[in-house]
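Novice: The structure follows.
Taken together, the values in this text are just the output of simple stated rules run on the coordinates, not laboratory data. All of these numbers come straight from a predicted model, not from anything done at the bench. Here the Cβ positions follow ideal geometry from the backbone for every residue, glycine too, while neighbour counts run over all protein chains shown.
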Amino acid sequence: MIMINAWKRAAALGAATVALAAGAVVGTVGTASAAPQHHPTPAWSRHCVVVPGHWMRVWHPEYRGHHHRAPAGHWTHVWRPAHRVCHR
């Protein structure tokens, strides 16, 4: 009698596990198909310009150095190489 109850319990647990796994798979497929799709803008609708290389002013804020001194913030010039800028 005890052995029969154990087999019944194991069968019920196995069936519940299979049903839960099947529900998870179906739920994942449904969620993936309902997710919004990202469609990139076609290249012809963008306006792209090649900007030549140029020097740019960059502000470096105050910071604590290795010796715990705080030099004041300052402007420096940084070379920005040629790059493409696209606007939609």
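Novice: Arranged from highest to lowest average of other beta-carbon atoms within 10 Å per residue, in what order do the peptides 47-56, 66-75 appear?
Specialist: Those peptides, ordered most packed to least, come out 47-56, 66-75.
Novice: Also, quick follow-up: So between Val85 and His47, what do we pick up on full extension, going 0.36 nm a residue minus the alpha carbon distance? Don't skip to the end; give the middle numbers.
Specialist: Numbers: separation 38, 0.36 × 38 = 13.68 nm, distance 0.83 nm.
Separation in residues times 0.36 nm, less the Cα-Cα distance, equals 12.9 nm.
Novice: Here's something else I'd like to know. Run the quick spin-label model on His74 and Trp55: label points 7 Å from Cα toward the beta carbon, then report their separation in nm to one decimal.
Specialist: Between His74 and Trp55, the label points sit 1.5 nm apart.
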